[in-house]
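Asks: My structure is below; once you've seen it, I'll send some questions.
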Amino acid sequence: MSTPKLFHNHTWRHMYRIIICLSLAVITFGMQAQSNQTLSRFELQTGELSANTTDSWAFDALADEVLTIRVEATDTTLDPIMVIRDPNNTIIFRNDDLAYPNNVNPLAEAITIPRTGNYTVEITGFAGTSGAYTIQLLLGYGALVRSDTFDNPSSWATDSDLLENTIADGQLALSIEGLQENGLITPNSTNTFEDFFAQVEVTAIDGRNGWETGIIIRQQDDAYYQFGVNSIGTWQFSLIEGESRQILRDYVPHPAIVPGETTFTLGVLANEGGFDVFYNQQFMGQVTDSILLSGGKSGIYLQTANAIGGAVSAQYDNFIITSPFTINDEPIFPDNLVVGTPQQIVQELERRRVIAPDGNLPLNVPESFVDSRTPGVVQQPLGRGATFTNFVMGTTAAIIQNARPDLAACGLLLQSTDENDYVVAFVDNAGGYGISSRNGDIFDEGLFNINPEWANNAEYNLIVVVLEDLMHLYVNSQYMGRYMVSAQDGQVGNVLINFEATETSCEFSDTWLWQLN
């Protein structure tokens, strides 16, 4: 096997391309944490940091719930940093600057909670900075664009004379009669939304012969989606176009829904053609459809049973909508992921709008091993010859050396068409990481950098998002950069790289691939 030029020159590049990633370790040294304060959903709360101290905020969350935490300095003297810890006190997310130097506030937007429990948000000041700040816990996305407590009787309008409505004492009351009659009510605002999260509280509901209620999504004239639950404890998702109704998810039960329960919350996160639905903040499932992708209104519907003499009355409170946070009308690309199962990682990437919803998991290998004593690249294709173009791929890799500790790397094999034409995403035992492509005997330098804190780690988590000619790399949940390549269909797998002759073993666990449709 010939040795590509990348590996002849790799060692000296370590000496000249070192980045400093020790800031978080430095700023946390000697800090004292204050007692936990509690975060309440949607409540804007305030804090103040003295120099070299840490504020802690606690909140409870459910597995697969989608949350945003916004922190904003109100004093110019403060440069805040945010860290989120799970119930085991493990750091699952950290963020410093949204868009340095123009925006130094941290943001955790649309993160997916990996497990049910009590979480902690820690706020510190970079380099000992101090001052006041605000913190807010939101459902869905980071911009709260509607929070309706139903105090204005003229702020909502119905689509049907059959749907009676009143707004009084901070409640919206609806009633309708007839045989499977469906009535809609939407805000009078002209605002429309493509990607958003909407939630409403149902505070009371009663129906003769049964009832159904829920949220309408992307209403455009007489076309809209609707998600709702009924009195027998099942949920459904439909596309309505005039008199036509297409059932996208038929009435199905879910353990979260108690039949006959009359007080609950309903939520839906709309992201391109994907719709995640929630009951009492519990994630119930995802529906995909690509008919209505442009912006529309969101509101509430109420429906009678399919029986003569049907009648339903209901009361609602706290209708909210959040939309993605932007800077100069540009979305925020996530520089941290909350890493969990492959399904949770994909869900996180979808909700944070890195990838489009809808896909499948054709590759999931619990364990694999690659060994080599010679310098160069050893490919281990996976997937029995299947080829892929647009996908997300991840693995957890460990570098084991039984001889002298020379430089070696483990990683993912991408776009492989033969032994001399492929792309590798890798991490080495000196903390180097990157993406490089090989064409013949020449390696393109590609994306490369070093994090000294990662040198000789026990294991490394790698995630690569491949979208046509663009690859995004995450290492240990942190975004490391992008790499432009020629879009190419090819095999995937694991890879071992020896930069010198040494005995090395790469041990991989949970190598998986999510194919984008």
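The values are calculated or read from the model by the stated rules, or taken from the named source; none is laboratory data. Source: prediction; values computed, not measured. Cβ sites come from the backbone with ideal geometry, for glycine too, and all protein chains shown count toward neighbours.
Asks: Would you pick out the residues in the range 388-415 that are part of a strand (DSSP E or B) and within 17 Å of PRO362 (Cα to Cα)? Break it down into steps so the answer makes sense when it comes.
Replies: If we filter the range 388-415 for residues that are part of a strand (DSSP E or B), which is where we start, we get 388, 391-401, 408-415.
Scanning the range 388-415 gives PHE388, PHE391, VAL392, MET393, GLY394, THR395, LEU412, LEU413, LEU414, GLN415.
Asks: Ok, one more. Suppose we filter VAL287, VAL338, VAL277 for residues that are in a loop (DSSP other than H, G, I, E, B), within 30 Å of VAL464 (Cβ to Cβ) and of a type in the set (A, V, I, L, M); which single one remains?
Replies: On the way: VAL287 fails: in a loop (DSSP other than H, G, I, E, B); VAL277 fails: in a loop (DSSP other than H, G, I, E, B).
Being in a loop (DSSP other than H, G, I, E, B), within 30 Å of VAL464 (Cβ to Cβ) and of a type in the set (A, V, I, L, M) holds for just one of VAL287, VAL338, VAL277, which is VAL338.
Asks: When you scan the range 282-299, how many residues do you find that are buried (at least 19 other Cβ atoms within 10 Å of the Cβ) and at positive phi?
Replies: So the count comes out to 0.
Asks: Looking at TYR119, TYR141, TYR100, TYR133, which is the one that is closer than 30 Å to LEU302 by Cβ and aromatic (Phe, Trp, Tyr)?
Replies: Checking each option against the conditions leaves just TYR141.
Asks: Right, another one. Is there a residue being among the small types (Gly, Ala, Ser), in a strand (DSSP E or B), touching a helix residue (DSSP H, G or I) at 6+ places or on another chain (Cβ under 9 Å) and buried (at least 18 other Cβ atoms within 10 Å of the Cβ) anywhere in the range 257-273? Steps first, answer last, please.
Replies: Applying the first criterion (among the small types (Gly, Ala, Ser)) to the range 257-273 yields 260, 267, 270, 273.
Now restrict to residues that are in a strand (DSSP E or B): 267, 270.
Going one step further and asking which of them are touching a helix residue (DSSP H, G or I) at 6+ places or on another chain (Cβ under 9 Å), we end up with none.
No, there is no match, as no residue in the range 257-273 is among the small types (Gly, Ala, Ser), in a strand (DSSP E or B), touching a helix residue (DSSP H, G or I) at 6+ places or on another chain (Cβ under 9 Å) and buried (at least 18 other Cβ atoms within 10 Å of the Cβ).
Asks: Restricting to the range 160-170, count the residues that are out of contact with any Phe, Trp or Tyr (no Cβ under 6 Å at 6 or more places or on another chain) and buried (at least 17 other Cβ atoms within 10 Å of the Cβ). Lay out the reasoning, then the answer.
Replies: Restricting attention to the range 160-170, the residues satisfying the condition of being out of contact with any Phe, Trp or Tyr (no Cβ under 6 Å at 6 or more places or on another chain) are 160-166, 168-169.
After this cut, where a residue has to be buried (at least 17 other Cβ atoms within 10 Å of the Cβ) as well, the list is 163, 165.
Total meeting the criteria: 2.
Asks: So which residues in the range 106-153 are assigned to a strand (DSSP E or B) and over 23 Å from PRO87 (Cα atoms)?
Replies: The initial filter retains those residues of the range 106-153 that are assigned to a strand (DSSP E or B), namely 107-112, 117-125, 131-139, 143-148.
If the condition is that a residue be assigned to a strand (DSSP E or B) and over 23 Å from PRO87 (Cα atoms), then GLY125, GLY131, ALA132, TYR133, THR134, ALA143, LEU144, VAL145, ARG146, SER147, ASP148 are the ones that fit.
Asks: When residues of the range 342-396 are filtered for being within 30 Å of THR68 (Cβ to Cβ) and without any contact (Cβ under 8 Å) to a residue 60 or more places away in the chain, how many remain?
Replies: The total comes to 1.
Asks: Quick one: which of VAL229, VAL200 is crowded, with 23+ Cβ neighbours inside 10 Å and within 19 Å of ASP148 (Cβ to Cβ)? Break it down stepwise before answering.
Replies: On the way: VAL229 fails: within 19 Å of ASP148 (Cβ to Cβ).
Result: VAL200 is the single residue among VAL229, VAL200 that is crowded, with 23+ Cβ neighbours inside 10 Å and within 19 Å of ASP148 (Cβ to Cβ).
Asks: Looking at (1) of a type outside the set (A, V, I, L, M, F, W, C); (2) modelled with pLDDT of 95 or more; (3) assigned to a strand (DSSP E or B), which one does THR166 not meet, given that it meets all the others?
Replies: THR166 satisfies every listed condition except (2).
Asks: If the Cβ limit is 7 Å and pairs must be 6+ apart or interchain, which residue in the range 47-62 that is at positive phi and buried (at least 17 other Cβ atoms within 10 Å of the Cβ) pairs with which residue that is not acidic (Asp, Glu) and not in a strand (DSSP E or B)?
Replies: As it stands, the answer is ASN52/GLY30; ASN52/MET31; ASN52/GLY128, since those pairs meet every condition given.
Asks: Suppose we keep only residues that are free of Cβ contacts under 8 Å to residues at least 24 places away in the same chain and in a strand (DSSP E or B) within the range 453-498. Which one would you say is farthest from ARG85 (Cα to Cα)?
Replies: For the range 453-498, the residue satisfying everything is MET484.
Asks: Something else: Please enumerate the residues belonging to the range 205-229 that are at positive phi and in contact with a Ser or Thr (Cβ under 7 Å, 6 or more places away or on another chain).
Replies: GLY210
Asks: So is THR396 out of contact with any Leu (no Cβ under 7 Å at 6 or more places or on another chain), at pLDDT 95 or above and closer than 24 Å to THR341 by Cβ or not?
Replies: On the way: out of contact with any Leu (no Cβ under 7 Å at 6 or more places or on another chain): yes; at pLDDT 95 or above: yes; closer than 24 Å to THR341 by Cβ: yes.
Taking the combined requirement at face value, the residue satisfies it.
Asks: Still on this structure: When the range 65-95 is examined, which residues are found to be assigned to a loop (DSSP other than H, G, I, E, B), among the charged types (D, E, K, R) and surrounded by fewer than 21 Cβ atoms within 10 Å (Cβ to Cβ)? Give the derivation first.
Replies: The initial filter retains those residues of the range 65-95 that are assigned to a loop (DSSP other than H, G, I, E, B), namely 65, 74-79, 86-90.
Within this subset, residues satisfying the condition of being among the charged types (D, E, K, R) are 65, 75, 79, 86.
Passing the criteria: GLU65, ASP75, ASP86.
Asks: Let me spell it out: the conditions are (1) of a type outside the set (Ser, Thr, Tyr); (2) more than 19 Å from the chain's Cα centre (by Cα); (3) within 26 Å of TYR119 (Cα to Cα); (4) surrounded by fewer than 22 Cβ atoms within 10 Å (Cβ to Cβ), and GLY310 meets all of them except one. Which number is the exception?
Replies: For GLY310, the exception is condition (3).
Asks: Taking the condition of being farther than 24 Å from GLN401 by Cβ, touching a strand residue (DSSP E or B) at 6+ places or on another chain (Cβ under 8 Å) and not aliphatic (A, V, I, L, M), how many residues in the range 458-514 meet it?
Replies: So the answer is 15.
Asks: May I ask you to verify whether ILE442 is more than 16 Å from GLN488 (Cβ to Cβ) and over 31 Å from the mean Cα position of the chain (by Cα)? Explain how you work it out, then say what you get.
Replies: On the way: more than 16 Å from GLN488 (Cβ to Cβ): yes; over 31 Å from the mean Cα position of the chain (by Cα): yes.
For ILE442, the condition - more than 16 Å from GLN488 (Cβ to Cβ) and over 31 Å from the mean Cα position of the chain (by Cα) - is met.
Asks: Please name all residue pairs, on different chains or six or more residues apart, with Cβ atoms under 9 Å, provided the first residue is in the range 432-444 and is farther than 17 Å from MET480 by Cα and the second residue is among the acidic types (Asp, Glu) and in a strand (DSSP E or B).
Replies: Pairs that qualify, where the first residue is farther than 17 Å from MET480 by Cα and the partner is among the acidic types (Asp, Glu) and in a strand (DSSP E or B), are ARG438/ASP421; ARG438/ASP444; ASN439/ASP421; GLY440/ASP421.
Asks: Can you tell me which of ASP418, ASP469, ASP489 is surrounded by fewer than 16 Cβ atoms within 10 Å (Cβ to Cβ) and within 13 Å of VAL377 (Cα to Cα)? Steps first, answer last, please.
Replies: Working: ASP469 fails: within 13 Å of VAL377 (Cα to Cα); ASP489 fails: within 13 Å of VAL377 (Cα to Cα).
Of the residues listed, the single one that is surrounded by fewer than 16 Cβ atoms within 10 Å (Cβ to Cβ) and within 13 Å of VAL377 (Cα to Cα) is ASP418.
Asks: Right, another one. Run LEU302 past the list (1) at pLDDT below 95; (2) buried (at least 20 other Cβ atoms within 10 Å of the Cβ) and report the number of the one that doesn't hold.
Replies: (1)
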